[in-house]
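The values are calculated or read from the model by the stated rules, or taken from the named source; none is laboratory data. Bear in mind that the values here come from a model prediction, so they are computed numbers and not experimental data. Cβ sites come from the backbone with ideal geometry, for glycine too, and all protein chains shown count toward neighbours. Only protein heavy atoms, including side chains, enter the accessible area calculation; ligands, DNA and RNA are left aside. Shrake-Rupley method; radii C 1.70, N 1.55, O 1.52, S 1.80 Å.
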Amino acid sequence: MRYREMKWWSFLLDNNYFIYDTFEDTESVHLFVKSNPHACACPHCGMESRKLHASYVRTLQDTPIHGKATYLHANVFNYNCLNPTCFSHTFTESLPFAKPNQVRTEALNTFILGISIFLSNECASKILALLGVTISNDTIQSLYDRLVFVDDPDVEAIGVDDIAIRKGYSYATAIYDFYDHHLIALLKGREAESLKEWLRQHPKIHFVIRDRASAYAKAIKEVLPECIQVADRFHLLQNLLDHLKDLFKFELPNKCFFREGQLLEKELKKINIEKPPNDAYLSTLHYDNELPRYPDGTERPFDNKKRNLNSPQYQKQTKNRKNKQQLIRDIRASYEISNNKERQKLAHKFNVHPLTLKKYLQMSEEEIKQMDEPKNYKKRKTGMDNYLNMIFKMMPDGLSDDTNYYYLRKKGCVKKSTTVWNYIYVLSKNNFPDRQKMNPIHITERSYPTGPPLKGYTKTSERTNEVWVKSSIIMA
């Protein structure tokens, strides 16, 4: 896309420069600029010349526009100096928005420094690339290296603070102008001697703002005894907070708990509140704890064991089974290629008992593959055994977990809520991995009690419903 025959006065440039053409693609914007007056003063003798010697195009990277890399293509003119006594026969006009031999505008350099001051050079380079600025981390460092701190021998009010060049290893002393906060000097280290030497060269200082470092205070008092020293706002506020803590630490507890603007006596804890079940619906269900069976009458087995096959214990067992399978296959392969078929030597070679070797040789490939599954040991008896078959029977019928839970309660199950819910979860996960919860009829929610217990009241628990009741023992 290109626009021609346009004369735009740019507020980004000097008034003597205008944009006469633009070009834009998917990644960059190009602005073509030139100076309006065709005359320039010689930088050496000051005589103005309008005699054009030559011209060339100078390309500069500028601040990005809409995240696109922006380039200025400036037509720069060379003039002949008309002063016969001037040693310079030709000179080049200077650009007000870029220094000589510079590939970026001053506005872009300021933009780069403003971002990289909060980041590392490498990180700043990557962030600037996303914004449309192409610059390396080494170039950012060179911009820092060219910064010059202009000292003012007549300064009267300063700020002194220490900064970390590399935290925990090297530090420096920064001195700022009190009125506009620009950096005046950066002294090596944070000892008193370096500050004393600088203060002796600035005898007009009568006002210093500093932190609470005793080294700075002694140095200022020794070199400039009449100087007024003031702690900065941060340390004044820190002193105030430390003093208030000392005043209130014996009056206030370590933690305070508020609810709805009221100070509580102690922390509130969440309690379980179960909504009442739908007894009319539960009365329509009929399940027993007999063994589940298929339609043809045969027993239907199911897995009711709580096992985490991803645990380190089961992972180790799986690895051992794999190693054992490989050992059996290696023994069988060695036995097949041996000529004398001597089992005693094979047992000694693989470090197994001869009877174990005989068992391995008699195993079929199907029996070896069955070792991939963990052994299903007999489950010990628990108080939930009278309800496991009932839980399993309800799941294929599409009943929700909440209905399952409240039906067990109706049948007389008095185990803890967590125990019942764990068995419901385990049976569903082991036997119906694709099963989804149906629309729950009853839900369990968690909430806070309305407030702390009043004096003369205590907390009791009735099954899983926790309530506040009046205690006659305390009242007595």
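The length gained by stretching the chain between residue 386 and residue 255 to full extension, at 0.36 nm per residue less their Cα-Cα distance, is 42.4 nm.
Sorted by mean Cβ packing within 10 Å, highest first, what order do the peptides 42-53, 420-431, 131-142 take? Don't skip to the answer; put the middle values down first.
Details: 42-53: 13.3, 420-431: 17.2, 131-142: 15.2.
In descending order of packing, they fall as 420-431, 131-142, 42-53.
Relative intensity of the range 232-301 on a log10 scale, I(q)/I(0) at q = 0.11 Å⁻¹, equals -0.64, per a Debye sum over C-alpha point scatterers of equal strength in the absence of solvent.
Treating r as the C-beta distance of residue 25 and residue 48 and R0 as 41 Å, the FRET efficiency rounds to 0.55.
Loop-located chymotrypsin sites (Phe, Trp or Tyr not before Pro) across the range 226-305 with a Cβ neighbour count of 10 or fewer within 10 Å are 250, with loop assigned by DSSP. The distance separating the Cα centre of the range 254-303 from that of the range 75-141 comes to 71 Å. P(r) tail, the range 1-157: Cα-Cα pairs separated by more than 20 Å, 60% of all pairs. log₁₀ I(q)/I(0) of the chain at q = 0.07, 0.13 Å⁻¹, via Debye over equal Cα point scatterers, no solvent, to two decimals? Taken in order of the listed q values, log10 I(q)/I(0) reads -0.89, -1.25. For residue 51, the aspartates and glutamates whose Cα falls under 19 Å of its own Cα, not counting residues fewer than eight places away in the same chain, are 93.
Divide by every residue of the chain the summed helix terms, -39500 (n - 2.57) for each DSSP H run of at least 4, and state the resulting mean residue ellipticity at 222 nm, rounded to the nearest 500 deg cm²/dmol. Mind dumping the intermediate values first?
Values: 15 runs with 154 residues, N = 476.
Using -39500 (n - 2.57) per qualifying helix, the result is -9500 deg cm²/dmol.
Label-to-label distance, residue 76 versus residue 329, with points set 7 angstrom from Cα along the beta-carbon direction: 7.4 nm.
Report, in order of residue number, the helices in the chain meeting two criteria: a C-alpha extent of 27 Å or more along the helix axis, and a mean Kyte-Doolittle hydropathy of at least -1.0; treat each whole DSSP H run as one helix.
Values: long enough: 312-337 (38 Å, -1.82).
TM-like helix candidates: nothing returned.
Cβ under 10 Å from residue 31's Cβ, residue 31 left aside: what net charge do those residues give with Lys, Arg +1 and Asp, Glu -1? After counting each charged neighbour, the total is -3.
The alpha-carbon atoms of the range 296-404 define a convex hull whose volume equals 183 cubic angstrom per residue.
Taking every protein chain into account, the 1.4 Å probe leaves residue 200 with about 140 Å² of accessible area, to the nearest ten. Note on residue 410: lysines with a C-alpha under 23 Å away, same-chain residues under 8 apart excluded, are 275, 381, 393, 437. Within the accessible area of the range 218-258, the carbon and sulfur atoms contribute 61%, probe 1.4 Å, all protein chains present. Think of a 1.4 Å ball rolled over the protein heavy atoms: the range 138-200 then has 64 Å² of accessible area per residue. Compared with the direct C-alpha span, the chain from residue 322 to residue 226 gains 26.0 nm at full extension, assuming 0.36 nm per residue.
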